[in-house]
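Colleague: For reference, the structure I am asking about is given below.
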């Protein structure tokens, strides 16, 4: 050790190179990624082949450019209407209402549902200041009014916000005289739809009851 | 439910749009990121403002382009020699040997070390097929032979591979007649004696100092 051990040198601490700190900062903005994980990821990428890093960068660049919201169901898709809304093989009399696009994938994985979807893009949450008008609820109601829908299956998350959203949507649909169902109990309360295993979610689909 | 409930329809399962699945695949290649986390990150990015996503993509693109390995210490830097090797304020008689660039940042954060560094880029690991010739050990030896180095501080990780690497490097440096030291072993600050493992506690005992 030198004589200037206690930080008397103004430039004692050297940070990572600026391009690296910038990448760490960007990674830190992602959910569930703190500064330590971001550093590890950044230095992992620095050790990786350039093609891998550029390929990831390119995926990020095109992911928003080459995706749209389906104008019918509001799922993220390559074109509008999406492949589900445009399919001749889906049952157009059923609409499954979910909070997020990931929930569509979860329901699809059960292979038990062959109707259409409607993505609300969130749930009613007074705490986060999300009211019904922030969600695609009005669009759902007019879709049901004008279409051939005979059943709306409410598949919001089995938590406070999801239940409140389901209740609100059910009330909006009540005057239209269609069947309104929801996923059966069997999903753990406080859980998250996207983490449910296929069997549980499949059983919840089959056991759905009148709202 | 329709009559084709048990997967008889060949296109029953719809995956995410291709740009999204590509991004998920790319994210899955990162350490500590599995398919679920990758999906969540991808859909988070789809919901994020385009500028944030493009900014992350750009950071990835430039991070390798605008960084080099310092030709002296092999740390990742914006130019070679790096800001530490090129600084007039650092003690050129001391070289701290670390496994990875992140370790340089860790030592710098202590604000107690003002010498130079040498990044080995790994540790000797027969299991992973990493021998001494894969690391920057030869470069360290010739650096010590030709430079003004009087002390080499071995700061490899306190695990099997790090210890083996330190031992190997120490043996290579022995004929050069310089001081070779290593980081003290002992109890981590803020730790709890009853949770310390036997090896750490044993080394803390052996390395005990006057109060």
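Colleague: Any chance you could count how many residues in segment B:107-122 are at the interface with another protein chain (Cβ under 9 Å from one of its Cβ atoms) and in a strand (DSSP E or B)?
Modeller: Qualifying residue count for the region: 1.
The rows are residues; the columns are (1) under 19 Å from residue B:49 (Cα atoms); (2) under 18 Å from the mean Cα position of the chain (by Cα).
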{"position": "A:88", "(1), (2)": "no, no"}
{"position": "A:106", "(1), (2)": "no, yes"}
{"position": "A:109", "(1), (2)": "no, yes"}
{"position": "A:122", "(1), (2)": "yes, yes"}
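Per-residue answers, yes or no, for (1) touching a strand residue (DSSP E or B) at 6+ places or on another chain (Cβ under 7 Å); (2) modelled with pLDDT of 80 or more; (3) surrounded by fewer than 18 Cβ atoms within 10 Å (Cβ to Cβ):
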| site | (1), (2), (3) |
| --- | --- |
| A:170 | yes, yes, yes |
| A:173 | yes, yes, no |
| A:182 | yes, yes, no |
| A:204 | yes, no, no |
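Colleague: Now, a different point. Starting from residues that are out of contact with any strand residue (DSSP E or B) (no Cβ under 6 Å at 6 or more places or on another chain) and surrounded by fewer than 22 Cβ atoms within 10 Å (Cβ to Cβ), keep the ones in segment B:69-83 and report whichever is nearest to the other protein chains (Cβ to nearest Cβ).
Modeller: Among those residues, the one meeting the criterion is B:78.
Colleague: Taking the condition within 24 Å of residue A:81 (Cα to Cα), within 17 Å of the chain's Cα centre (by Cα) and surrounded by 20 or more Cβ atoms within 10 Å (Cβ to Cβ), does residue A:113 pass? Reasoning before the result, please.
Modeller: Working: within 24 Å of residue A:81 (Cα to Cα): yes; within 17 Å of the chain's Cα centre (by Cα): no; surrounded by 20 or more Cβ atoms within 10 Å (Cβ to Cβ): yes.
Spelling it out, it is not the case that residue A:113 is within 24 Å of residue A:81 (Cα to Cα), within 17 Å of the chain's Cα centre (by Cα) and surrounded by 20 or more Cβ atoms within 10 Å (Cβ to Cβ).
Colleague: Related question: Inside segment A:17-27, can you point out the residues that are within 26 Å of the chain's Cα centre (by Cα) and either part of a loop (DSSP other than H, G, I, E, B) or surrounded by 16 or more Cβ atoms within 10 Å (Cβ to Cβ) (or both)? First the steps, then the outcome.
Modeller: To start, the set of residues in segment A:17-27 that are within 26 Å of the chain's Cα centre (by Cα) comprises A:23-27.
Within segment A:17-27, A:23, A:24, A:26, A:27 meet the criteria.
The values are calculated or read from the model by the stated rules, or taken from the named source; none is laboratory data. If you're wondering where the values come from, they're calculated on a predicted model, not measured in any experiment. All Cβ positions, glycine included, derive from the backbone under ideal geometry; neighbour counts span all protein chains shown.
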